[in-house]
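Coordinate-derived values only; no laboratory data. The structure displayed is predicted, hence computed values, not measured ones. When we count neighbours, we look across all protein chains shown, and the Cβ atoms used for this are built from the backbone with ideal geometry, even at glycine.
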Amino acid sequence: MHRTKVCAEEKLHTVLDILAGKESVSHAVARLSVNKSSVQGWITSYKGNGVDAFMHTQNKPYSIECKIQAVTAYLNKEGSLSAICEKFGLRSNKQLRNWIKKYNGHEELKASGTGGTSIMTKGKKTTFDERVEIAAYCISHEHNYAETAEKYQVSYQQARSYTVKYEAGGLDAL
């Protein structure tokens, strides 16, 4: 199947018809000569961004915090790729997959379009006392996982994990 360029107006019309039950995804795929994943991506993007999903002419910038929160939510099994994309208003799950790949490879993630620096540092081994201190600091600083991770030189996910575990199960959970 060759790739067909579909205009924003047609994408929106197609998504609205699918969501209203007037057309199936498979019928839209055949009618427009596009991949099923493309149509599913339009639906996810629409659910997360509304009409704006199809009205962009340039890349949408994402903050480091947004990227880390999306990656962490996925790694903590808070939803599928599509569900996380919808929750964070991502335009495609390819973006999220790339962020996850960078995160897992301990590569630097930057805020889109700002040249911002990363706080996605590689995790390090911590003692019980350090985990208690990290969780306490994070809780007392309004659950600012990014700030906590930077202060203690641990990954964002470690700061979040210690805090969540402590709040759920107390000291024994750490």
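A few comments on the model shown:
- Karplus (6.51, -1.76, 1.60) ³J(HN,Hα), θ = phi - 60°, over the stretch 66-79, in Hz, Gly and Pro reported as x: 4, 4, 5, 4, 5, 4, 4, 4, 5, 5, 8, 6, 7, x
- Quotient of Cα Rg and 2.2 N^0.38 Å for the stretch 1-103, N being how many residues it contains: 1.11
- Neighbour net charge for Lys60 - beta-carbon separation under 11 angstrom, K R +1, D E -1: 0
- For the peptides 6-13, 20-27, 83-90, the ranking by mean Cβ contacts within 10 Å, running from highest to lowest, is 83-90, 6-13, 20-27.
- Integer Hz, Karplus 6.51/-1.76/1.60 couplings in order for the stretch 29-46, x for Gly and Pro: 4, 5, 5, 9, 6, 10, 6, 4, 5, 5, 5, 4, x, 4, 5, 4, 4, 5
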